[in-house]
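Novice: I'd like to ask some things about the structure below.
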Amino acid sequence: MLKNIPALLSPKLLSVLCEMGHADMIVLGDGNFPGKTCANRGNCTYLRMDGIGTVDLLNAILSVIPLDYCEKPIKLMKPDRDVEVTIWETYKREIEAADPRGEAVIEYLERFSFYDAAEKSFCIVQTGETAIYANIIIQKGVVE
C-alpha cells in the first residue's frame, strides 16, 4: 500500500503513469471503444480496468500527473451522430479542478481522428464505462 495514491490506480497503471514522459498520452476508452485494436495498430500498452468508470479513473490520474502545458492536452471524441454526451460536463468539472485553464484545454476530435491519436498513445486503458462517447485522451505534462 502507498499513502496518498488513489486505490483505483493499480500497480500496472501506476507503472505506466511513471514510465510516461512529457507529452506522452494515455487513453481512457469506454466499454465500446476498440481499445485492443487501436493498441495493436499503434503497438502501445493495453490495460483492462473492467468495472471502473472513466470519471473516477480520470480523477485518480489527474491527482498524480499534470496536464501538458500545450494548448489542448485533453482530447474527446465528437459524436458522429446526433446524441447528447452528458458525461462531458463531469469531465469539465474534473479537469477544471486539476488545471486552472479549465475546459479551454479540451480539443474535440472526429471519431477516426480520435482513433488515429489513440494509436499514437503510450497506453490505452479499456474501462467498463457505459456512457456513450466517454473516450478521453490525456497528455502528460512536466512534473516540477
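The values are calculated or read from the model by the stated rules, or taken from the named source; none is laboratory data. Only a predicted model underlies this, so the values are computations on that prediction, with no experimental measurement involved. Please note: Cβ atoms are built from the backbone with ideal geometry, for glycine as well, and neighbour counts cover all protein chains shown. The accessibility values were calculated without ligands, DNA or RNA, using every heavy atom of the protein model including side chains. Shrake-Rupley method; radii C 1.70, N 1.55, O 1.52, S 1.80 Å.
Novice: On the given criteria, is Ile52 of a type in the set (Val, Ile, Thr) and in contact with a Gly (Cβ under 8 Å, 6 or more places away or on another chain)?
Specialist: The answer is yes for Ile52.
Novice: Tell me which of these Arg41 doesn't satisfy, since it passes every other one: (1) in a loop (DSSP other than H, G, I, E, B); (2) open to solvent by 10 Å² or more (accessible area, probe 1.4 Å).
Specialist: Of (1) in a loop (DSSP other than H, G, I, E, B); (2) open to solvent by 10 Å² or more (accessible area, probe 1.4 Å), only one is false for Arg41: (1).
Novice: Mind checking which residues of the range 25-38 are part of a strand (DSSP E or B) and either surrounded by fewer than 17 Cβ atoms within 10 Å (Cβ to Cβ) or among the aliphatic types (A, V, I, L, M) (or both)?
Specialist: Listed by number, the residues that qualify are Met25, Ile26, Val27, Leu28.
Novice: Just to be sure I understand, how many residues within the range 99-144 are aromatic (Phe, Trp, Tyr), in contact with an Asp or Glu (Cβ under 9 Å, 6 or more places away or on another chain) and free of Cβ contacts under 8 Å to residues at least 40 places away in the same chain? Spell out the reasoning first.
Specialist: At the first step, the residues of the range 99-144 found to be aromatic (Phe, Trp, Tyr) are 108, 112, 114-115, 122, 133.
Now restrict to residues that are in contact with an Asp or Glu (Cβ under 9 Å, 6 or more places away or on another chain): 112, 122, 133.
Going one step further and asking which of them are free of Cβ contacts under 8 Å to residues at least 40 places away in the same chain, we end up with 112.
Matching residues across the range 99-144 total 1.
Novice: Out of all the residues in the range 1-16, which are free of Cβ contacts under 8 Å to residues at least 60 places away in the same chain and open to solvent by less than 100 Å² (accessible area, probe 1.4 Å)?
Specialist: Ile5, Pro6, Leu8, Leu9, Ser10, Leu14, Ser15, listed by residue number.
Each row is one residue, and each column tells you yes or no for (1) touching a residue at least 60 places away in the same chain (Cβ under 8 Å); (2) acidic (Asp, Glu).
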position	(1), (2)
Gly31	yes, no
Cys38	yes, no
Thr45	yes, no
Lys75	yes, no
Asp82	no, yes
Ala97	no, no
